[in-house]
Each structure stands twice: as C-alpha cells, then as structure tokens.
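Bear in mind that the values in this text are calculations on the coordinates, not laboratory data. The structure presented is a predicted model; accordingly, all values stated were derived computationally and were not measured. Neighbour counts are summed over all protein chains in view; Cβ atoms, including those assigned to glycine, are modelled from backbone coordinates with ideal geometry.
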Ligand SMILES: NC(=O)c1ccc[n+]([C@@H]2O[C@H](COP(=O)([O-])OP(=O)(O)OC[C@H]3O[C@@H](n4cnc5c(N)ncnc54)[C@H](O)[C@@H]3O)[C@@H](O)[C@H]2O)c1
C-alpha cells in the first residue's frame with residue numbers, strides 16, 4: 001500500500017499497517033520529514049519492546065516493510081493508497097489528481113479527510129468508483145475505530161475492500177454516509193469548540209474544564225488535552241468545513257482557537273497549544 005503525508009496521521013497509519021503485515025511505501029515532501037517518520041515509528045517500537053508488546057526481531061521485520069520516498073511514481077504499483085496530507089481542500093484535490101495520474105487503474109485511492117466531502121475528492125479523479133474515505137483516528141495504532149466513507153458513486157467492491165483492510169489492521173470499521181464530520185467529528189467538534197467558548201467566557205480554567213469532563217463524564221482526556229492532540233490547525237479546518245456544510249453556530253470556530261493557530265500554538269506538534277510539551 002501507499003501512504004501520502006508524513007504528519008501525525010501518516011506516521012500512525014504507517015505504523016499500524018506495517019504491524020498488520022502490509023508493505024508500505026510512504027510519500028513525503030522532503031527526505032527530512034521521511035526520516036522523522038521512521039525515527040518516530042522506531043521510538044514507538046522501542047517503547048513497545050520495553051513493555052514486552054513485541055520483540056526486537058518483530059520490530060526489525062516490521063520496519064523492513066516500510067520504505068519512504070519523495071517520488072510519487074513509486075506508488076504506481078500500490079493496490080491501495082491513502083492520502084493523509086494537510087486538511088486543505090486545494091492541496092487534497094491536487095494530490096488526488098496526481099495520484100490518479102500515477103496509480104494503476106485498479107488501485108483504490110482513499111482519503112483520511114476528517115470533514116471534506118469525499119465525493120469532491122473522488123470527482124477529481126478518473127475513477128470515482130474506486131475512491132472512498134478510510135478515516136483513522138488519532139493515535140492510529142491505538143484507536144480501534146475506522147470510518148469507511150461511502151459516496152454516492154463508490155462501488156460496493158471498493159467499500160468491501162476498504163472494510164476488509166480496516167479489519168485486517170485489527171480495527172472496528174463502521175460504514176458511514178459522505179456527510180461532513182461523518183459520525184465522530186460531527187458529534188465531537190461542537191463539544192470541543194464549546195469548551196473553548198466556556199474558557200473564553202471565564203466560566204472555569206482549562207485545567208478545571210479538563211478535570212470536569214474526565215471526572216464527570218469518564219472521558220480519558222479533557223477537551224483541551226484532546227484539542228492539543230488533534231492539532232489546533234486541524235481542529236479549525238474541521239470546524240470550518242462543518243460550519244460550511246450545516247451553518248450551525250456551534251461549528252463556528254471559537255475566536256481563541258483561530259488566534260492560537262495564527263500564533264502557531266497548534267498543540268503537541270508545535271510543542272505548545274493549550275498546554276506546553
Ligand atoms: N490529527 C488528527 O487527530 C486527525 C485524525 C483523523 C484524521 N485526520 C486527518 O488526517 C489528515 C492529516 O492530518 P494530520 O493531523 O496528520 O496533519 P499534520 O499537520 O500532522 O500533517 C499534514 C501533512 O501534510 C503535508 N502537507 C502540508 N502541505 C502540503 C502540500 N501543500 N502538499 C503535500 N503535502 C502537504 C505535511 O508535510 C504533513 O506531512 C487531515 O486530512 C486530517 O483532517 C487528522
């Protein structure tokens with residue numbers, strides 16, 4: 001399989017796929033980002049070896065299945081390619097056209113978009129029946145859910161292949177209609193956004209809001225820790241897409257979120273967001 005994008009999701013899906021036996025070619029824009037991915041997967045494997053979750057022989061075998069490239073033509077023979085580039089519609093449309101031009105005609109091209117209409121990405125290719133959403137969650141090696149997004153024109157074979165792929169990665173896939181936010185983000189993002197609005201109103205400190213949602217709802221992390229994990233830039237893009245689709249004020253990004261993205265306080269990936277890392 002091929003993966004495009006060497007950010008949080010590209011790295012997590014690559015790790016999951018090589019652990020599940022797939023041979024993965026990962027396309028990144030620069031050799032430096034490709035090497036960072038390999039280093040971060042090696043670190044994760046070291047931690048798993050330390051916890052006796054795998055042996056070093058297994059880790060070496062799995063890493064042997066990962067190759068990184070800066071040449072899109074290296075994806076020509078893949079049966080499945082998943083794009084995980086930045087949540088920016090123009091960038092994704094350009095990537096879909098480029099993938100369509102190089103991938104063999106039988107290949108499935110999937111997107112990990114959180115909110116864009118999958119049909120728009122499919123329509124940018126000459127094979128809309130072979131394009132679907134395969135939406136992993138963050139961190140991909142840990143989270144069980146994968147949303148398989150079904151457009152109006154995708155073939156049943158493509159959906160079944162995507163579903164089988166997710167099952168073979170030991171995930172729990174659900175099939176969902178092509179509507180902004182699918183299931184999880186449509187329900188999750190108004191909550192995250194309203195947590196920022198509560199903070200803006202001075203109702204409580206972010207630490208207390210996080211404590212409240214963990215202790216009161218049994219959530220594993222509070223909204224501010226989760227926004228930092230997701231990435232505030234990604235969160236604002238997701239909210240904007242949801243707002244475009246539904247025009248519901250709950251989806252309109254809180255001003256503080258937008259200001260923090262402008263200030264490059266994007267969360268864990270920039271080492272500072274609501275918290276410092
Ligand atoms: N972060 C999450 O929690 C999460 C969860 C599920 C799905 N997603 C989706 O996964 C995708 C990637 O998100 P991420 O969190 O990994 O983002 P990220 O910011 O960590 O990585 C984005 C990647 O896109 C690349 N990129 C940026 N501009 C580009 C361009 N012009 N051309 C080609 N590549 C470019 C970057 O180099 C980087 O490799 C998005 O569609 C996002 O909505 C994110």
The extension gain from residue 271 to residue 32, computed as 0.36 nm times the residue separation minus the Cα-Cα distance, is 84.2 nm
The chain - Rg (one decimal) and Dmax (whole number), Cα, Å
18.8, 55
Take every DSSP beta bridge with both residues inside the chain and express the antiparallel ones as a percent of the total, to the nearest 5.
20
Looking at region 120-221, what % of the alpha carbon pairs are farther apart than 15 Å?
69
To the nearest 10 degrees, the tilt of helix 232-246 (Cα long axis) against the first principal axis of the alpha carbons of the chain is 90
Report the residue, chosen from 102, 81, 146, that carries the largest GNM mean-square fluctuation when the chain is represented by alpha-carbon nodes joined by springs under 10 Å.
102
Output row, site residue 204, 7 Å Cα→C-beta label point, backbone N cut-off 20 Å, window region 259-277, residues 274-276
What is the helix-to-structure angle for 156-168, meaning the angle in degrees between its Cα long axis and the longest Cα principal axis of the chain, kept from 0 to 90 and rounded to the nearest 10?
80
Which residue fluctuates most in the GNM of the chain (Cα springs below 10 Å): 249, 128, 190?
249
Globularity index of region 4-60, i.e. its alpha-carbon radius of gyration over 2.2 N^0.38 Å:
1.12
Convex hull volume per residue for region 86-128, taking Cα atoms only, in Å³:
61
Can you tell which of 84, 16, 111 shows the greatest fluctuation in a Gaussian network model of the chain with Cα springs below 10 Å?
16
What's the angle, to the nearest 10 degrees (0 to 90), between helix 8-19's Cα axis and the longest principal axis of the chain?
50
Quick check: the distance between the Cα centres of region 93-154 and region 260-277, to the nearest angstrom?
28
